[in-house]
1. Under a GNM of the chain (C-alpha, springs under 10 Å), which listed residue has the highest mean-square fluctuation: THR27, THR44, THR52?
2. Taking region 25-96, which GluC sites (Glu not before Pro) meet the DSSP loop condition and have no more than 14 other C-beta atoms within 10 Å?
3. For the chain, what are Rg and Dmax over the alpha carbons, in angstrom?
4. Given a 1.4 angstrom probe, I'd like the percentage of the accessible area of the chain that is carbon and sulfur, rounded to a whole number.
5. Within straight cross-link reach of LYS66, meaning Cα distance under 18 Å, which lysines are found once same-chain residues fewer than 8 apart are removed?
6. For a distance above 16 Å, tell me the whole-number percent of Cα pairs in region 46-93 that qualify.
7. Per residue, how much accessible surface does region 12-54 expose to a 1.4 Å probe? Answer in Å², no decimals.
8. GLN23: net charge of surrounding residues, Cβ under 12 Å, Lys/Arg +1, Asp/Glu -1, itself excluded?
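The values are calculated or read from the model by the stated rules, or taken from the named source; none is laboratory data. Please read these numbers as outputs of a predicted model, since none were measured by experiment. Neighbour counts are summed over all protein chains in view; Cβ atoms, including those assigned to glycine, are modelled from backbone coordinates with ideal geometry. Keep in mind that these areas ignore ligands, DNA and RNA; they rest on the heavy atoms of the full protein, side chains included. Shrake-Rupley method; radii C 1.70, N 1.55, O 1.52, S 1.80 Å.
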Amino acid sequence: MPAYVIAEVATTDQAAMEEYRKQVPATLARYGGRFVVRGGACQTVEGEWKPTRLVVIEFPSLADAKRWYDSEEYRAPKAQRIRAGRTSMIMVEGVA
């Protein structure tokens, strides 16, 4: 069953976040991850949520998403992202 990592990202250090964005794609391949949404225009149609930047990454399974997030390959980029902004992130199973 597919799974998704959904993140709302607010950047506080643009240069550091740009470096993070360059590093992440190479960390996804081993775990079957692919970007579905990576920024782009957001439009609030209900409620008060006003994200500035959304990212959605699809994985073959929730286990694959967790392995990627905890992986050695993603450790340094993750630390870079944490220094470069504020992120709210969830992992959710999709439908088959």
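1. Highest fluctuation of the listed residues: THR44.
2. Numbers: sites: GLU46, GLU48, GLU58, GLU72, GLU73, GLU93; in loops: GLU46, GLU48.
Hits after loop and neighbour filter: GLU46, GLU48.
3. Spelled out, the Cα radius of gyration and Dmax of the chain are 13.4, 39 Å.
4. On the way: 3230 of 5990 Å².
Looking at the chain in its full context, I get 54 percent from C and S.
5. By straight Cα distance, LYS66 reaches LYS78.
6. Working: 594 of 1128 pairs.
Summing the P(r) tail past 16 Å for region 46-93 gives 53 percent.
7. Values: 3130 Å² over 43 residues.
On a per-residue basis, 73 Å².
8. Values: positive: ARG21, LYS22, ARG75, LYS78, ARG81; negative: GLU18, GLU19, GLU73.
With Lys, Arg at +1 and Asp, Glu at -1, the neighbours total +2.
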